[in-house]
Amino acid sequence: MDILITGLLLGGTYALIAMGLNLQYGMARIMNLANGEMLVAGGFAAFWFWTAGQLSPFLTVFLVFPVAFALNWLVYQVFLRPLVKRAKSRGQLEVDAILTTFGLSFVSVGLMLAFFGGDYFSYSYLSVPVHLFGSTWGANRVAAFGAAVVICGALWLWLSYSRAGMTIRAIAVAPDSARLVGIDVRKMAALAFALGGAVTASGGALISTFLTLDASTGVMFTLKALVIVIMGGVGEVRGTIVAALLLGLLETFVATVIDPGLTLAAAYLLFVVILLFRPQGLFGKRPT
Amino acid sequence: MSLTATDWRNLSLSALALLAAACLPWVVGNYHLTIGVTIAMYAVLATSWALFSGPTHYISLATAAFFGVGAYVTGIGLQHLPYWVLLPLAGLIGAVMAALVGLATLRLSGVYFVIFTLGLAEFVRQIITWGQNVSGTKGLYVLTSITERDIYWQLLGLAALVWALGWLIGRSRLGFALRIIGDDETVAKHSGINTARAKILLFMVPGAVAAITGAVLAPRYVYIEPALAFTPMLSFQVVIMALLGGTGRLWGPLVGVIPFTFLWEAISISFPNQTTLLLGVAFLLIVYFLPRGFVGLIEDARRRMGSEGAR
């Protein structure tokens with residue numbers, strides 16, 4: 001029971017991070033391997049505002065979101081737009097995007113190392129016990145989960161019911177046909193990419209309330225987010241959420257029962273199983 | 001297969017160059033021999049990497065995983081088996097691992113493969129660390145009488161093997177099939193090529209070679225532990241060197257390895273804290289300004305000179 005709830009709490013935050021990557025990969029068609037660094041940057045911002053000004057991480061989110069949005073929009077326009085233009089096929093774009101975002105991820109790790117040093121950073125915020133279902137939980141975990149649910153829910157409603165959300169889903173499904181019905185694919189792709197980065201950075205600010213981060217942990221989160229996105233089905237919102245909760249459960253289970261050092265290995269095994277038996281993802285449609 | 005005059009000329013030139021390189025330990029001091037070993041190591045890794053990733057455009061980030069496994073084969077096996085058995089054994093294990101990775105991912109699109117290989121080194125590292133925790137050991141001492149010189153010659157021999165293999169594959173049906181896959185995978189499928197099988201077979205080459213390289217280099221480290229043997233930096237450096245040189249030609253990666261090793265040596269001495277940042281910048285520069293590497297530059301220059309000569 002403890003494992004179940006801890007796992008779900010962790011999975012909720014993972015869902016937020018993976019949702020960010022899904023917007024970037026599923027909708028904007030950019031495999032962004034610098035996604036984890038955006039998360040760490042969000043965490044750094046929360047840490048910095050808390051230690052310097054006692055500003056609650058949950059308020060910092062409101063600051064991190066627009067800043068990360070602008071930053072990712074710029075990254076898309078400056079670095080990725082030329083690649084989209086020059087790519088002859090989707091495969092070519094993927095290779096170029098992977099190499100570029102790798103470069104970007106190294107650059108951002110390097111910058112964060114230069115500014116903040118290589119130490120682990122953590123702070124204690126809301127680390128008071130909460131009683132739920134007969135057990136005790138850290139209030140920060142519960143609050144982060146709540147915030148993640150709110151953001152995920154808002155995002156899902158926006159994608160499903162607003163006009164802009166529908167356009168973004170349209171470019172995810174059929175970028176070529178979307179142009180025929182008058183959608184500015186380039187603009188919407190940039191928007192989706194920026195939004196994805198903003199969501200991930202907010203997830204980072206939330207996750208930093210209960211996890212210890214350092215400048216080079218980004219790639220671990222990128223990997224986990226990728227596993228979640230592929231498990232749920234690329235471009236699928238519901239699938240992402242279910243997959244994130246599953247991964248949260250599995251990780252917590254492995255960490256408590258076997259060894260905390262094996263969490264990534266567990267995620268990886270799950271990935272192998274998915275690739276072997278359902279490569280299109282739990283909720284994905286089989287390519288025709 | 002018949003060899004043309006140009007083939008014979010290229011082959012004898014390569015053999016001469018290798019012989020010249022083999023004389024290095026008698027000519028230079030210890031410091032330069034160390035750099036020589038580094039260059040030989042990256043030349044082997046980058047060339048074998050490009051054998052697979054060049055024609056198929058599948059970016060493999062698994063070099064560190066194979067390398068680390070190879071190092072552990074030497075580290076553990078040295079107490080039980082004679083040294084000369086270990087290198088082929090490492091190669092075999094590397095090839096089997098590569099085949100398994102290939103079976104899981106190479107039937108799907110390239111992105112899955114990249115992600116999978118990105119995590120592979122970390123996955124193996126976590127498993128080995130866990131195994132050590134359970135068995136209560138920490139690192140491994142690799143104490144041998146193998147000198148830097150022996151390592152250098154072994155690597156040079158391995159490099160010769162990789163080049164010969166690459167040359168043979170390039171002339172074979174498999175090489176031809178891979179070039180078609182790289183151009184257009186759908187066309188390849190429709191012309192009756194078993195694309196997954198071809199890709200898996202070829203991916204076993206860098207897997208085996210990287211594992212053997214790890215096995216050869218283990219004595220150099222003296223003490224190996226998971227964090228050292230599976231350092232992800234290795235995979236990235238191999239990718240960047242191969243891309244810098246250019247993957248279109250067999251000698252391409254070598255053209256990238258030599259300048260990059262010297263550059264990296266200079267960077268690690270002058271800016272030890274900014275290496276990650278500078279590696280990132282190097283990645284970006286190559287993608288935007290040298291998409292085909294030095295090979296592309298050289299070929300463009302040749303073509304220009306050729307067309308001027310014709311006029």
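The values are calculated or read from the model by the stated rules, or taken from the named source; none is laboratory data. What you are looking at is a predicted structure, and each value in this text was computed from that prediction instead of being measured. Positions of Cβ are backbone-derived with ideal geometry, glycine not excepted, and every protein chain shown enters the neighbour counts.
Numbers for the structure displayed
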| read-out | value |
| --- | --- |
| Residue, nearest to the other protein chains (Cβ to nearest Cβ), within the stretch A:68-95, restricted to residues that are charged (D, E, K, R) and assigned to a helix (DSSP H, G or I) | A:94 |
| Near pairs, Cβ below 9 angstrom, 6+ apart or cross-chain, from the stretch A:82-101 (in contact (Cβ under 8 Å) with a residue 24 or more places away in the chain) to any residue that is among the basic types (Lys, Arg) and crowded, with 22+ Cβ neighbours inside 10 Å | A:84/A:29; A:90/A:29; A:93/A:29; A:94/A:29; A:97/A:29 |
| Residues of the stretch A:15-56 that turn out to be in contact (Cβ under 8 Å) with a residue 40 or more places away in the chain, out of contact with any Gly (no Cβ under 9 Å at 6 or more places or on another chain) and over 27 Å from residue A:81 (Cβ atoms), as a count | 4 |
| Those helices (runs of 4 or more DSSP H) lying entirely in the stretch B:176-263 with at least 1 residues in contact with a strand residue (DSSP E or B) (Cβ under 7 Å, 6 or more places away or on another chain) | B:195-221 |
| Condition check for residue A:206: more than 10 Å from chain B (Cβ to nearest Cβ), surrounded by fewer than 21 Cβ atoms within 10 Å (Cβ to Cβ) and in contact (Cβ under 8 Å) with a residue 24 or more places away in the chain | no |
| So residue A:229, is it among the hydrophobic types (A, V, I, L, M, F, W, C) and within 29 Å of residue B:236 (Cβ to Cβ) | yes |
| Hits in the stretch B:79-91 (condition: of a type in the set (A, V, I, L, M) and more than 23 Å from residue B:45 (Cα to Cα)) | B:81 |
| Filter result for the condition that a residue is touching a residue at least 40 places away in the same chain (Cβ under 8 Å), within 22 Å of residue B:117 (Cα to Cα) and not acidic (Asp, Glu), over B:175, B:170, B:214 | B:214 |
| Candidates A:222, A:217, A:167, A:212, filtered to the one that is away from chain B (no Cβ under 14 Å), within 24 Å of residue A:41 (Cβ to Cβ) and among the polar types (S, T, N, Q) | A:212 |
| Given (1) aliphatic (A, V, I, L, M); (2) touching a residue at least 40 places away in the same chain (Cβ under 8 Å); (3) at the interface with chain A (Cβ under 9 Å from one of its Cβ atoms), index of the condition residue B:140 fails | (3) |
| Boolean, residue B:123 is within 25 Å of residue A:221 (Cα to Cα) and more than 14 Å from chain A (Cβ to nearest Cβ) | no |
| Unmet requirement for residue B:230, which otherwise passes all of (1) in contact with a Gly (Cβ under 7 Å, 6 or more places away or on another chain); (2) away from chain A (no Cβ under 13 Å) | (2) |
| Qualifying residue in the stretch B:268-278 (condition: hydroxyl-bearing (Ser, Thr, Tyr) and buried (at least 17 other Cβ atoms within 10 Å of the Cβ)) | yes |
| Filter result for the condition that a residue is facing another protein chain (nearest Cβ under 10 Å) and either crowded, with 23+ Cβ neighbours inside 10 Å or in contact (Cβ under 8 Å) with a residue 40 or more places away in the chain (or both), over A:227, A:237, A:242, A:272 | A:227 |
| Within the stretch B:253-281, considering residues that are of a type in the set (S, T, N, Q) and over 17 Å from residue A:103 (Cβ atoms), the one nearest to the other protein chains (Cβ to nearest Cβ) | B:273 |
| Matching entry among B:50, B:90, B:99 (being more than 13 Å from every other protein chain (Cβ to nearest Cβ), surrounded by fewer than 24 Cβ atoms within 10 Å (Cβ to Cβ), assigned to a helix (DSSP H, G or I) and in contact (Cβ under 8 Å) with a residue 12 or more places away in the chain) | B:99 |
| Count of the stretch A:96-124 residues which are at the interface with another protein chain (Cβ under 8 Å from one of its Cβ atoms), under 22 Å from the mean Cα position of the chain (by Cα) and over 16 Å from residue B:282 (Cα atoms) | 1 |
| Qualifying residue in the stretch B:107-114 (condition: in contact with a Phe, Trp or Tyr (Cβ under 7 Å, 6 or more places away or on another chain), among the aliphatic types (A, V, I, L, M) and within 14 Å of another protein chain (Cβ to nearest Cβ)) | no |
| Within the stretch B:282-297, considering residues that are among the aliphatic types (A, V, I, L, M) and surrounded by 16 or more Cβ atoms within 10 Å (Cβ to Cβ), the one farthest from the other protein chains (Cβ to nearest Cβ) | B:295 |
| Cross-chain or 6+ apart pairs with Cβ under 7 Å, the stretch B:274-289 first and in a helix (DSSP H, G or I), then charged (D, E, K, R) | B:287/A:96 |
| Number of the condition not met by residue B:81 [criteria: (1) among the hydrophobic types (A, V, I, L, M, F, W, C); (2) part of a helix (DSSP H, G or I); (3) more than 10 Å from chain A (Cβ to nearest Cβ)] | (2) |
| Matching residues, the stretch B:178-195, being crowded, with 16+ Cβ neighbours inside 10 Å and in contact (Cβ under 8 Å) with a residue 12 or more places away in the chain | B:178, B:180, B:181, B:182, B:193, B:195 |
| Sole residue being of a type in the set (D, E, K, R) and loosely packed, with under 14 Cβ neighbours inside 10 Å, chosen from A:169, A:163 | A:163 |
| Identity of the residue in the stretch B:17-40, hydroxyl-bearing (Ser, Thr, Tyr) and within 23 Å of residue B:67 (Cβ to Cβ), that ends up modelled with the lowest pLDDT | B:34 |
| Search result, residues across the stretch A:247-268 that are buried (at least 20 other Cβ atoms within 10 Å of the Cβ) and touching a residue at least 60 places away in the same chain (Cβ under 8 Å) | A:247, A:248, A:251, A:252 |
| The stretch A:29-66 - residue that is within 22 Å of residue A:150 (Cα to Cα) and hydroxyl-bearing (Ser, Thr, Tyr) and, of those, surrounded by the fewest Cβ atoms within 10 Å (Cβ to Cβ) | A:56 |
| Qualifying residues in the stretch B:193-227 (those that are out of contact with any Leu (no Cβ under 8 Å at 6 or more places or on another chain) and of a type in the set (D, E, K, R)) - the one farthest from the other protein chains (Cβ to nearest Cβ) | B:220 |
